[in-house]
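Shown next, in structure tokens, is the structure this report addresses.
The values are calculated or read from the model by the stated rules, or taken from the named source; none is laboratory data. Quick caveat: nothing in here was measured; it's all calculated off a predicted structure. Neighbour counts are summed over all protein chains in view; Cβ atoms, including those assigned to glycine, are modelled from backbone coordinates with ideal geometry. Calculation scope for accessible area: heavy atoms of the full protein, side chains included, ligands and nucleic acids excluded. Shrake-Rupley method; radii C 1.70, N 1.55, O 1.52, S 1.80 Å.
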Amino acid sequence: MRLLLVEDDELLGGGIEDALTRAGYGVEWVRNGPLALAALAHEGLDAAVLDLGLPGLDGLEVLRRARAAGCALPVLILSARDAVAQRVAGLDAGADDYLPKPFDVDELLARVRALQRRVRGAARNVIEHGSLRLDPAALSVTHDGRPVALQRREFMLLQKLLAAPGQVLTRAQLEESLYGWDGNVESNALDVHVHNLRKKLYPGVIRTVRGIGYVADPPA
């Protein structure tokens with residue numbers, strides 16, 4: 001799962017990014033309102049953690065504009081504005097949850113998990129593909145009931161492919177999902193992850209579409 005983190009405080013943002021990354025999430029961190037609004041229009045994200053006191057454009061206005069533009073991304077507001085009227089305003093603007101600062105990291109992680117369950121439904125999060133079973137909430141993969149040990153980005157890549165069986169995903173789509181807008185990614189990084197997945201899974205799970213990308217063919 002890839003999260004958008006919108007936080008202008010460097011120290012706090014770094015701590016949140018580290019906690020989310022250690023919990024197995026991919027994190028795209030932006031630090032001002034205009035960048036947040038642009039990121040919310042992006043397709044490679046699954047949810048957002050949004051501060052309100054942002055430079056350039058207030059977080060509440062970012063959320064209002066994103067919702068008006070049709071953005072349905074689940075959003076958790078994380079803000080020092082803790083008055084009841086302010087929390088109500090945030091929820092009315094389109095937030096799915098609201099956590100006042102200061103907060104406990106464990107509670108933040110629990111609310112992100114709850115957001116996933118409420119929006120998608122816990123049962124629908126589990127992906128079954130032939131003898132493979134991928135559980136995003138537990139960050140686990142099993143093959144014929146036996147656990148498969150995957151690195152974080154291997155897990156993210158497999159989840160992206162299995163969530164769209166039969167759909168060819170381009171290299172650009174997959175790289176964006178794994179690395180966001182990081183321009184320093186090695187050109188063969190995606191191929192290395194695919195190679196490692198193929199060694200750990202049964203043959204035929206991931207098919208190369210030459211010159212385009214990869215696809216997880218529906219199981220026979």
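Things worth noting here:
- Test: residue in the stretch 143-156 that is without any contact (Cβ under 8 Å) to a residue 24 or more places away in the chain and either open to solvent by less than 50 Å² (accessible area, probe 1.4 Å) or touching a His at 6+ places or on another chain (Cβ under 6 Å) (or both): no
- Within the stretch 190-204, one or more residues are at pLDDT 85 or above, small (G, A, S), open to solvent by 20 Å² or more (accessible area, probe 1.4 Å) and not in a strand (DSSP E or B).
- Pairs are defined by a Cβ separation below 7 Å, a sequence spacing of at least 6 or placement on different chains, a first member in the stretch 72-97 that is without any contact (Cβ under 8 Å) to a residue 24 or more places away in the chain, and a second member that is open to solvent by less than 20 Å² (accessible area, probe 1.4 Å); the pairs so defined are R87/Y98; L91/Y98; D96/P74; D96/V75; D96/L76; D96/L115; D97/L76; D97/L115.
- Selection status of A164, within 23 Å of D46 (Cα to Cα), in a helix (DSSP H, G or I), out of contact with any Ser or Thr (no Cβ under 6 Å at 6 or more places or on another chain) and at pLDDT below 90: no
- Exactly one residue among L91, L139 is surrounded by fewer than 19 Cβ atoms within 10 Å (Cβ to Cβ) and within 17 Å of F155 (Cβ to Cβ), and that residue is L139.
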